[in-house]
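None of the figures in this text is laboratory data; all of them are computed from the coordinates on show. Keep in mind that what you see is a predicted model, and the values were worked out from it rather than measured. Methodologically, a virtual Cβ is constructed for each residue, glycine included, from the backbone with ideal geometry; neighbour enumeration extends over all protein chains shown.
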Amino acid sequence: MEQEWALHKITPGCGGGRVPSQGQIGRNIAPVFIFSALLTMSAPLALSPQELEKQQAAAAAVRWVRDGMVLGLGTGTTSAHFIKQLGERVQAGLKVQGTATSLASEALARQLGIPLLEPRRGLTFDLAVDGADELDGQLRLIKGGGGALLREKTIETASRYLLVIADSSKVVPVLGRFPLPLEVVPFALPWVLDAVEKLGGAPVLRTHKDDSASPVYSDQRNFLVDCHFGQIPDAEGLAVRLKTIPGIVEHGLFMGLAKAAVVIQGGVAQVLKPGEAARPAAEFDELP
Ligand SMILES: O=C[C@H](O)[C@H](O)[C@H](O)COP(=O)(O)O
């Protein structure tokens with residue numbers, strides 16, 4: 001299925017192999033529907049400690065959404081918690097509109113009754129809320145573990161405020177533990193792999209977990225390549241070099257975009273801002 005990646009995440013440091021984040025799910029079943037069903041089942045599901053942290057970060061963020069906001073809706077498991085909680089507020093009367101950063105998030109938002117806006121000239125966003133695969137103290141991000149990096153960077157560049165929501169595992173001193181995702185035009189793949197190796201990376205074409213001959217496609221029908229660079233001390237420099245390689249449509253380094261992050265630390269939702277000490281999210285009545 002085209003959207004299978006929505007429930008699969010690559011595992012840091014293991015050659016781009018991916019694990020289902022909702023258990024073993026058959027490839028022939030649309031994951032959006034499974035995920036939606038899980039979110040709407042009446043019997044409460046036991047969430048793992050990590051899922052509870054994601055839910056907690058999402059709850060802190062949804063508290064700052066106000067009537068009239070135009071929202072960018074992120075992709076991934078943490079964003080799905082946010083969309084679900086936003087949907088509850090919309091059902092309770094909150095007036096917002098949004099554009100989703102993936103077909104999976106769009107389907108979830110639509111199912112929950114969140115009004116959606118199509119891409120158009122001049123459309124900007126008051127607030128984008130999205131997860132991340134890694135973030136450092138300057139709020140540099142690695143994103144794209146769910147394959148949505150191109151739409152995410154597009155929407156988040158058009159947003160006045162990007163708020164990252166993340167569980168405690170996502171904060172790192174230096175980016176690079178998580179392999180850097182690239183979206184690559186299929187024709188260009190061999191030369192992109194050569195060029196990334198010359199930059200010191202170990203690129204791996206993302207394939208389906210149960211069929212390593214079958215590449216994962218992005219929503220744009222491009223390939224996804226996960227690049228192990230080890231620590232990335234000069235993320236800005238690497239981003240510039242990746243942009244010069246023909247066939248790389250986008251890379252998963254997001255710099256200078258996030259205004260703040262809500263991260264769970266010691267069980268408490270903390271606000272991180274670039275280069276500042278953490279403060280409890282509960283101290284902020286409005287966006288930090
Ligand atoms: O392409 C996917 C996105 O960049 C996600 O926001 C990122 O992978 C984090 O996902 P999760 O919240 O599932 O850890």
For Lys84, the lysines lying under 24 Å Cα to Cα, once residues fewer than eight places off in the same chain are dropped, come out as Lys9, Lys54, Lys95, Lys143, Lys153, Lys170, Lys259
Starting from the amide H of Ala260, placed 1.01 Å from N in the peptide plane, find each other amide H under 5 Å away whose residue is 5 or more places distant or on another chain. Leu162, Val164
What does the range 180-251 give for Rg and for Dmax, in Å, if only its C-alpha atoms count? 11.9, 36
Grab the eigenvalues of the alpha-carbon gyration tensor for the range 132-288, scale each by 5, take roots, and send me the semi-axes largest first in whole angstrom. 30, 15, 15
Per residue of the range 272-278, in order, report the coupling 6.51 cos²θ - 1.76 cosθ + 1.60 (Karplus, θ = phi - 60°) as ³J(HN,Hα) in whole Hz, putting x for Gly and Pro. 10, 10, x, x, 10, 6, 5
What does the charge add up to near Val62, with Lys and Arg as +1, Asp and Glu as -1, over the other residues with Cβ less than 12 Å from its Cβ? +3
